[in-house]
Structures are given as structure tokens and as C-alpha cells.
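Quick notes on the structure that follows.
All of the numbers you see were taken from the coordinates with simple rules; none came from a lab. The shown structure was predicted, so the numbers you read here are calculated from the model rather than taken from an experiment. Here the Cβ positions follow ideal geometry from the backbone for every residue, glycine too, while neighbour counts run over all protein chains shown.
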Amino acid sequence: MAGQAEKKQAKKAESSIQYYLYGIIAVNALYFLGRVFMFWSSMGKWNLCGMLLFTGVSYFTFGAIKSSLEVGANYEMYLDLFLVNLATQALVTFSDYGWLLYLAVPGYAGWKIVKLVMDYARASQTN
């Protein structure tokens, strides 16, 4: 009975990780088949750099999600970045305008910073 919760957590972590891995494989297959093979004429050095960015972000976020699931920690922020990365990669397969979705990441970070500054200003006004 003592290890029952840990076994459930490990089983849930393993099944969740498989879904995220399938997502990476599916989007990368779409990207490589579409962008590399079908639209190679539009593939420039910046798109190759983007491919490295997609790979790096996927590797980082997948590892962070996996570690968080294994210890039972919150992985919501990593999941958000993971999903934005995969969605951007899928959109970039068909159009360079797909890169605009990545603007959600600095936009969200900017919003969090502005909110933090506003909360600090309000707190200092009340004191």
C-alpha cells in the first residue's frame, strides 16, 4: 500500500510522455515531408536556423515535462511552450507567416512583467 501512489504517478507519467513523444514525431514528420521535401526551394538559411530552434525547444520542453511528471511537479509553463512550438512548426511547414505564432511567447512574458510592475506599484502606494 505504501508505494501505490508512486506507482500510479509513474504509470500516468509514462503514458503522458508517450503522447507528447507522438506529437513531436507527427509534427516533425509533417515538417520534414512538407518543408524539406515539397517546399525545398523556399528553404533558406533562416529556415534551417528555425529547424534547429524547433529541435532545441522540443528537446528542452519534452525533457522538462518528463522530469516534472516523474516527480509530480507542475509542468504547465513547459507544456504551453511545447504546444506553441509544435503549432508554430506545423504552421511554418506551409507558410513563413507561421512564425508569428512564436510572438505569443515574448508577449506573454511581457504581460507577466507588466503585471508584476503594476502589482508592485499598487502595493507601494498603499503603504
Distance between Cα centroids, the range 78-127 to the range 1-69: provide it in whole Å.
-> 20
Quick one: Kirkwood hydrodynamic radius for the chain, alpha-carbon pairs, angstrom, one decimal?
-> 17.0
Approximate spin-label separation M118-L21, in nm, with each point projected 7 Å along Cα-to-Cβ | 4.3
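How long are the three semi-axes of the equivalent ellipsoid for the range 35-79, computed from the Cα gyration tensor as the root of 5 times each eigenvalue, in whole Å, largest first? List each step's numbers first, then the result.
Numbers: eigenvalues 202, 15, 10 Å².
Each semi-axis is √(5λ); the values are 32, 9, 7 Å.
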Distance in nm between A104 and L48 label points, each 7 Å along Cα→Cβ, equals 3.0
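Take a quick pass over the chain and tell me how many lysine pairs come in under 28 angstrom between Cα atoms, counting only ones 8 or more apart or on separate chains.
On the way: K7/K66; K8/K66; K11/K66; K12/K66; K66/K112.
Lysine pair count for the chain: 5.
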A chain fully extended from F39 to S95 at 0.36 nm per residue, minus the present Cα-Cα distance, gains in nm 19.2 nm
For the pair N74 and W111, the simple spin-label estimate (label points 7 Å beyond Cα toward Cβ) gives in nm 1.6
